[in-house]
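K.L.:
After the structure tokens below, expect a handful of questions from me.
Every number here is computed from the coordinates shown, using simple stated rules; none is lab data. Since we're looking at a predicted model, the values are computed, not measured.
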């Protein structure tokens, strides 16, 4: 694997670099291994963060009931005919 280090300007006395930029030129086989290593590191980092933060809060999700199809309103009931004589029906014209 080839590597190239990019140095910055000279630092004042007593100072150190906090980071160093390194450019890698891995082969295909090395690239495959690096991808797996970075994936494992990302997985453990995410799991650790999740463990530290605790489980996510439960969000109340409203339960949806069965939606009934719309029905036509029933027509108003006709008034009962009244009669003075029992057994006789009146014809109501409206």
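K.L.:
The stretch 22-50 to the stretch 51-65: how many Å between their Cα centroids?
P.N.:
31 Å
K.L.:
Using only the Cα atoms, what convex hull volume per residue in Å³ does the stretch 33-79 have? Present the calculation step by step, with values, prior to reporting the outcome.
P.N.:
On the way: hull volume 6.0 nm³, N = 47.
Roughly 127 Å³ of hull volume per residue.
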